[in-house]
Structure formats: C-alpha cells, structure tokens
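The values are calculated or read from the model by the stated rules, or taken from the named source; none is laboratory data. Treat the numbers as computed from the prediction; the structure is a model and nothing was measured. Cβ sites come from the backbone with ideal geometry, for glycine too, and all protein chains shown count toward neighbours. For accessibility, only protein heavy atoms count, side chains too; no ligands or nucleic acids. Shrake-Rupley method; radii C 1.70, N 1.55, O 1.52, S 1.80 Å.
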Amino acid sequence: MERTFIAIKPDGVQRGLVGDVIKRFETKGFTLVGMKFMNVSKELAEKHYDVHKERPFFSGLVEFITSSPVVAMVWEGEGVVASARKIIGATNPLTAELGTIRGDFGVSIGRNLIHGSDAIETAKTEIALWFTPEELVTWQPVVNPWLYE
Ligand code: DAT
Ligand code: MG
C-alpha cells in the first residue's frame with residue numbers, strides 16, 4: 001500500500017494545530033503507520049531539504065525546521081501521496097485554496113505549517129530518512145472494508 005511522509009513543522013506545533021492537521025488525514029480515510037514528536041538535527045534538516053540546497057531560502061529553511069519540535073508521520077492509503085498534497089495545499093498559504101491546511105491556517109510561505117512528500121519515490125526516500133523500519137506499524141484498520149471496495 002502507498003505511503004507518504006508528513007511533518008507538522010515548528011509553526012504548526014507552536015500554534016497548537018497538531019490535532020487539526022492529524023484530523024484531516026484521519027477523516028479522509030488514511031491510515032497512520034508512524035508518528036514521533038522530535039527535535040530535528042541540522043544534519044537531518046539538510047538531508048531532508050537537500051533538493052533545495054542551492055536556493056536562497058535554504059539556510060532559513062534549515063534554521064526554521066530545527067528551531068522547535070516537529071511531528072513526523074507516515075500515512076498510508078491508496079493514492080495517499082498525491083491526495084496528501086491536495087489536503088496540504090499550495091506552497092504559499094496565501095494562494096493555497098481554502099479548505100486546504102495551508103489555505104485555512106497560514107499566511108506566509110516560510111511558515112506554511114506542514115511538509116508532504118511530492119512523489120511516490122520522494123516519499124520512499126523521506127520515510128527511510130526519518131524513520132527506521134521498526135518505527136513503522138503495519139496494521140489493518142477495521143474500517144478498511146468501509147473505505148475500499
Ligand atoms: P512544498 O513544501 O510545497 O513541497 P517546496 O518543496 O518547493 O514546497 O519548498 C520547500 C519549503 O521551502 C516550502 O514548504 C517553504 C520553503 N520555501 C519554498 N519556496 C520558498 C520561497 N520562495 N521563499 C521562502 N521559503 C520558501
Ligand atoms: Mg517539497
């Protein structure tokens with residue numbers, strides 16, 4: 001089953017939005033398979049954002065994600081990678097659609113609350129970077145027959 005990596009960034013945690021964010025993935029029908037509350041090391045932050053290392057905002061991004069705790073999660077479900085990106089909304093919260101997490105809760109690109117993997121391959125890399133296999137829980141929610149034909 002497809003999996004994606006989701007992180008509630010320091011602003012989402014500090015603003016008390018952890019429950020609201022998790023609720024959206026739960027009520028959509030996705031399955032939580034990993035979750036930890038943690039401080040992010042500079043090394044992990046730099047690896048996670050490696051694709052952006054040449055961008056002018058890279059150092060600010062690393063500084064921000066390491067500034068305060070985050071909630072790192074893995075969610076599972078059919079089409080979860082693309083669907084999570086829709087639930088999250090566009091990178092800039094000011095242009096993100098209302099009804100998305102960023103569109104509903106944010107006003108600034110550097111404080112956009114949440115990270116979600118942008119493709120299935122990226123998700124695999126990010127899950128392996130943030131979680132050990134033992135930290136992921138494979139389980140069968142009893143509602144699955146009511147979510148999937
Ligand atoms: P996304 O998080 O939607 O996948 P991204 O991968 O392009 O967006 O960028 C990663 C993060 O970097 C993004 O969540 C916020 C920050 N960021 C992106 N573009 C930025 C910009 N122009 N100025 C400041 N921060 C930016
Ligand atoms: Mg991205």
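So how long is each side of the range 36-137 along the principal axes, counting just the alpha-carbon atoms, biggest first, in Å?
Each principal axis gives a Cα extent; for the range 36-137 these are 37, 35, 24 Å.
Residues in the range 105-149 near a label at Glu26, defined as backbone nitrogen under 15 Å from the 7 Å Cα→Cβ point?
Correct set: 141-143.
Expressed as an acute angle from 0 to 90° and rounded to the nearest 10, what is the orientation of the C-alpha long axis of helix 120-130 relative to the principal long axis of the chain?
For helix 120-130, the angle is close to 70 degrees.
Based on the Cβ-Cβ distance of Ser68 and Val143, what FRET efficiency does E = 1/(1 + (r/R0)^6) give at R0 = 25 Å, to the nearest 0.05?
Calculated transfer efficiency: 0.15.
Which lysines, if any, have their Cα less than 20 Å from the Cα of Lys9, not counting same-chain residues under 8 positions apart?
Leaving aside lysines fewer than 8 places away in the same chain, those within reach of Lys9 are Lys23, Lys36, Lys42, Lys47, Lys53, Lys86, Lys124.
Ignoring ligands, DNA and RNA, what percent of the 1.4 Å accessible area of the chain is carbon and sulfur?
Carbon-and-sulfur percentage of accessible area, whole number: 56.
How much length would be gained if the chain were fully extended between Phe58 and Glu135, taking 0.36 nm per residue of separation minus their Cα-Cα distance, in nm to one decimal?
24.9 nm
Just to confirm, what accessible area per residue do you get for the range 54-144 at 1.4 Å probe, in whole Å²?
About 54 Å² of surface per residue is accessible.
Before rounding to the nearest 500, sum -39500 (n - 2.57) across all DSSP H runs of length at least 4 in the chain and divide by the residue total; then give [θ] at 222 nm in deg cm²/dmol.
Mean residue ellipticity at 222 nm (helix-derived): -10500 deg cm²/dmol.
Running a GNM on the chain with Cα contacts under 10 Å, which residue among Trp130, Trp139, Trp75 ends up with the highest mean-square fluctuation?
Greatest mean-square fluctuation among the candidates belongs to Trp139.
Compute the acute angle (0 to 90°) between the alpha-carbon long axis of helix 18-28 and the principal axis of greatest extent of the alpha-carbon atoms of the chain; round to the nearest 10°.
The answer is roughly 40 degrees.
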